[in-house]
Amino acid sequence: MLTADSIDLMNNFGGNAHMIVKKYTKYEKARIIGARALQISMGAPILVDIPKDIIDPVKIALIELENDAIPMTVKRKKRSTV
């Protein structure tokens, strides 16, 4: 269901073919968490405070996602309205 805000967003989008969103599908979440966990395991800095007992990169990536601290965006193609 389209709300007034989402219609304004689409109208003000300027004809670009992608939209940037903050609500992710389960597949997008899995991709983001996996990519971030790989970065952490390769030595990337951790962007949130975590307890000392958590050392699993996947759990750290989940905590970062919950705190909206992962510096990644998802671009989706606009749906065509027919």
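Of note:
- For peptides 54-65, 38-49, 70-81, sequence by mean Cβ density within 10 Å, most packed first: 54-65, 38-49, 70-81
- Cβ crowding within 10 Å, taken as a proxy for footprinting-reagent exposure, orders E66, E28 from fewest neighbours to most as E66, E28.
- Seen from I40, the other residues with C-beta closer than 13 Å to its C-beta sum to a net charge of 0, counting Lys and Arg as +1 and Asp and Glu as -1.
- Hits among lysines - C-alpha to C-alpha of K75 under 25 Å, sequence gap 8 or more where chains match: K22, K23, K26, K29, K59
- Stretch gain in nm, segment E28-V58, where the contour uses 0.36 nm per residue and the Cα spacing is subtracted: 9.3 nm
- Calculated FRET efficiency for the pair D49/V74, C-beta based, R₀ 35 Å, to 0.05: 0.90
Values quoted throughout were computed directly from the atomic coordinates according to the rules given, and no laboratory measurement underlies them. None of the values given here were measured: they were computed from a predicted structure. For neighbour counting, all protein chains shown are included, and Cβ atoms are generated from backbone atoms with ideal geometry for every residue, glycine included.
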